[in-house]
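Novice: Sharing a structure below in structure tokens format, with a few things to ask.
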Amino acid sequence: MIQKVLIANRGEIALRIVRACRELGVKTLAVYSEADVQSLHVQLADEAICIGGPRSADSYLRADRIISAAEIADVDAIHPGYGFLSENAKFAEQCESCNIKFIGPKSRSIKMMGDKSVAKDTVRKAGVPIVPGSDGPVESESEAVKTARRIGYPVIIKAVAGGGGRGMRIAHNDVSFAKEYHVARNEAEKAFGNGSVYIEKYIEKPRHIEFQILADSHGKILHLGERDCSVQRRHQKLIEESPSPFLTPGLRKTMGKAAIKAAAAADYENAGTIEFLVDAKGNFYFIEMNTRIQVEHPVTEECTGIDLIKQQIKIANGEKLDFDQGDIKFEKHAIECRINAEDPARNFTPSPGTIGLYYAPGGHGVRVDSHVYSGYSIPPYYDSMIGKLITYGPNRKTALERMYRALSEYLIRGIKTTIPLHKAIMSDPVFIEGKATTGYMEEFMARTPTDLFT
Amino acid sequence: MDLKQIKQVIDLMKRSDLTAFEVEEEGFKIKIKRGSDSLPIVNHRPVSGQYLELPPAESAARAAPAAPNGTRSGPAADEAGMTYIKSPMVGTFYRSSSPESKSFIDLGAKVTESTVVCIIEAMKIMNEIQSEAKGSVVEILVENGQPVEYGQRLFKVKQD
């Protein structure tokens with residue numbers, strides 16, 4: 001019986017976990033860095049233990065100190081949140097061997113899905129479509145060309161050791177391929193110390209659509225619908241919504257089944273997300289599985305009415321999911337805007353500092369997940385996300401109008417934020433018509449004057 | 001009253017506007033008073049005797065909410081010539097290497113940077129903690145067997 005949870009995270013997600021635990025009658029222990037002494041969740045948790053200096057490497061990534069804190073405070077479980085150690089299979093294993101329940105999947109599921117090529121191979125064997133490509137790195141230029149022709153142009157050449165959108169070149173035919181292949185190899189060698197590359201089919205202007213999974217420890221795996229996260233900048237999501245304006249009920253059913261198959265192939269437990277790319281024709285391809293709760297989980301919560309964090313704790317407690325796939329209804333349309341302390345008019349440079357006046361929007365259909373408050377100093381050591389604004393309604397039109405209204409009320413004085421950018425997107429015809437793909441942000445920024453963001 | 005009941009009373013006080021609570025039973029008397037928010041509390045150790053001071057924060061190591069200058073409240077700014085030996089890890093504090101051994105140091109002991117002052121046990125490993133300060137120990141701030149967090153002040157040292 002889980003009675004006390006250690007929250008191995010910070011910021012808005014730590015606050016979110018405190019809230020869920022409170023409602024379940026579970027005690028909370030916040031572990032924090034010296035930079036987070038004034039953090040809201042540290043004040044609200046039942047207990048708090050300082051685990052290190054301001055830098056993440058000296059605190060939130062110190063598995064040894066976190067487990068030490070868990071032991072001296074006698075906790076039953078650790079919730080890792082997202083980022084930090086949430087997808088660290090070794091940390092999950094350490095929890096398992098110390099008899100502390102890791103609120104998430106088994107360590108071997110994390111390990112399996114953490115390796116991109118193992119993940120693709122695993123789901124492919126389960127009958128889930130993957131992005132066609134070379135099976136692992138290509139050994140030679142001739143093999144690379146053969147692969148490219150087999151897959152069909154356009155193709156993308158990716159660094160094996162790359163990530164975060166770096167080390168990728170696109171080729172549209174044999175001639176450009178010959179050139180791009182060498183450029184990609186050289187760039188990879190210089191940037192990552194490893195010149196190995198693999199080839200994948202390049203899906204032009206796809207939509208990024210992911211499915212939320214919940215699986216209990218008794219073999220039941222369900223999907224809670226999709227989130228369309230196509231509005232991204234440099235592979236960082238800005239806006240997410242559910243349902244996707246693109247999916248038909250038939251495609252949703254098919255992709256939902258595929259998502260469950262992928263999770264089953266990973267022997268999955270607890271909450272997770274299967275990410276797909278979807279092209280204009282409705283072909284979908286698995287790209288990766290996130291073996292943790294995600295930033296944008298509130299979108300699914302408002303759409304389905306199901307509290308995902310509470311479900312995570314219940315599943316970790318050994319309880320069965322007390323509903324079935326047919327019970328899950330997608331009753332509302334929900335949309336989330338990530339509020340970052342960045343200046344969109346100056347190429348999104350971070351804007352740390354002290355928040356003067358903070359006033360969050362409210363009213364019907366508005367949810368704010370944020371840990372900041374008037375007078376709060378944003379520490380410069382962590383990411384720039386200071387909150388999430390979620391709106392929901394009976395249809396997409398209402399959700400969008402509500403989002404525009406809520407963004408207009410949202411006051412965060414003293415720092416620059418992405419609120420004006422989100423307002424501009426909410427008024428943009430392409431977005432309003434539901435036509436945004438992963439190419440949207442670049443195209444939008446190119447045609448929108450930056451003084452619209454101030 | 002047993003410890004569980006006392007904790008329940010403290011909990012009740014924290015969640016309400018109660019500022020004082022007193023009970024007297026045969027052979028036992030306890031008075032619990034809330035510390036005033038307007039008076040700075042210089043140290044968080046419970047006052048000995050019948051009175052148990054209830055500090056604004058739950059534990060000595062946690063700062064009070066939203067102090068205007070954004071720093072931790074608690075012990076006043078470092079006095080001149082004084083420094084603190086702080087815990088470099090999370091674990092359990094011990095004064096000696098085993099229950100039968102003598103304490104590494106006592107009040108008044110002279111220390112140099114490399115003097116071993118205590119043990120902090122973390123995950124079954126006993127870590128010897130060095131002073132890193134030079135001077136004489138004027139105060140011992142934690143008790144044998146007490147859990148400590150990163151940065152927690154263990155000893156007050158008057159520097160040479």
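The values are calculated or read from the model by the stated rules, or taken from the named source; none is laboratory data. Bear in mind that the values here come from a model prediction, so they are computed numbers and not experimental data. Methodologically, a virtual Cβ is constructed for each residue, glycine included, from the backbone with ideal geometry; neighbour enumeration extends over all protein chains shown.
Novice: Please identify the pairs in which a residue from region A:134-162 that is at positive phi has its Cβ atom under 7 Å from the Cβ atom of a residue that is part of a helix (DSSP H, G or I), counting only partners at least 6 apart or on another chain.
Specialist: Between residues of region A:134-162 that are at positive phi and residues that are part of a helix (DSSP H, G or I), the close pairs are A:Gly136/A:Ser117.
For every residue, the table says whether it meets (1) closer than 14 Å to B:Asp106 by Cβ; (2) modelled with pLDDT under 95; (3) surrounded by 20 or more Cβ atoms within 10 Å (Cβ to Cβ).
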| residue | (1), (2), (3) |
| --- | --- |
| B:Cys118 | yes, no, yes |
| B:Met126 | no, yes, no |
| B:Ile129 | no, no, yes |
| B:Ala133 | no, yes, yes |
| B:Gln146 | no, no, no |
| B:Arg153 | no, no, no |
| B:Val157 | yes, no, yes |
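Novice: Further question: Out of region A:247-271, which residues are more than 15 Å from A:Ala215 (Cβ to Cβ) and part of a loop (DSSP other than H, G, I, E, B)?
Specialist: Across region A:247-271, the qualifying residues are A:Leu247, A:Thr248.
Novice: Here is a further query. Hey, can you tell me all the residues within region B:130-160 that are within 14 Å of chain A (Cβ to nearest Cβ) and touching a Leu at 6+ places or on another chain (Cβ under 9 Å)?
Specialist: B:Val142, B:Val148, B:Gln152, B:Arg153, B:Leu154
Novice: Does any residue of region A:92-100 turn out to be surrounded by fewer than 19 Cβ atoms within 10 Å (Cβ to Cβ), over 19 Å from A:Asp383 (Cα atoms), away from chain B (no Cβ under 14 Å) and not hydroxyl-bearing (Ser, Thr, Tyr)?
Specialist: yes
Novice: How many residues are closer than 14 Å to B:Tyr84 by Cα and in a strand (DSSP E or B) if we restrict to region B:111-160?
Specialist: Matching residues across region B:111-160 total 18.
Conditions tested, residue by residue: (1) away from chain B (no Cβ under 13 Å); (2) closer than 20 Å to A:Glu93 by Cβ; (3) buried (at least 22 other Cβ atoms within 10 Å of the Cβ).
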{"site": "A:Cys21", "(1), (2), (3)": "yes, no, yes"}
{"site": "A:Ala35", "(1), (2), (3)": "no, no, no"}
{"site": "A:Gln38", "(1), (2), (3)": "no, no, no"}
{"site": "A:His41", "(1), (2), (3)": "no, no, yes"}
{"site": "A:Ala45", "(1), (2), (3)": "no, no, yes"}
{"site": "A:Arg55", "(1), (2), (3)": "no, no, no"}
{"site": "A:Asp58", "(1), (2), (3)": "no, no, no"}
{"site": "A:Ala73", "(1), (2), (3)": "no, no, no"}
{"site": "A:Ile78", "(1), (2), (3)": "yes, yes, yes"}
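Novice: While we're looking at this one, here's another question. Out of A:Ile315, A:Ile274, A:Ile335, which single residue is touching a residue at least 12 places away in the same chain (Cβ under 8 Å), in a helix (DSSP H, G or I) and away from chain B (no Cβ under 14 Å)?
Specialist: A:Ile315
Novice: With respect to A:Val31, is the statement that it is within 29 Å of A:Val299 (Cα to Cα) and either within 14 Å of chain B (Cβ to nearest Cβ) or touching a residue at least 60 places away in the same chain (Cβ under 8 Å) (or both) true?
Specialist: yes
Novice: Ok, one more. For region A:346-376, which residues satisfy the criterion of being within 14 Å of chain B (Cβ to nearest Cβ), surrounded by fewer than 16 Cβ atoms within 10 Å (Cβ to Cβ) and not in a loop (DSSP other than H, G, I, E, B)?
Specialist: If the condition is that a residue be within 14 Å of chain B (Cβ to nearest Cβ), surrounded by fewer than 16 Cβ atoms within 10 Å (Cβ to Cβ) and not in a loop (DSSP other than H, G, I, E, B), then A:Gly353, A:Thr354 are the ones that fit.
Novice: Which of the residues belonging to region A:189-210 are modelled with pLDDT of 85 or more, of a type in the set (A, V, I, L, M) and not in a strand (DSSP E or B)?
Specialist: A:Ile203, the sole residue that qualifies.
Novice: Additional query: Quick one: which residue in A:Val138, A:Val175 is farther than 30 Å from A:His422 by Cα, in a helix (DSSP H, G or I) and at pLDDT below 95?
Specialist: Answer to the selection: A:Val175.
Novice: Take A:Glu302 and decide whether it is over 20 Å from A:Ile390 (Cβ atoms), surrounded by 19 or more Cβ atoms within 10 Å (Cβ to Cβ) and among the charged types (D, E, K, R).
Specialist: The answer is no for A:Glu302.
Per-residue answers, yes or no, for (1) farther than 22 Å from A:Met441 by Cα; (2) charged (D, E, K, R):
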| position | (1), (2) |
| --- | --- |
| A:Ile151 | yes, no |
| A:Ala159 | yes, no |
| A:His172 | yes, no |
| A:Val175 | yes, no |
| A:Glu187 | yes, yes |
| A:Tyr198 | yes, no |
| A:Gln212 | yes, no |
| A:Arg233 | no, yes |
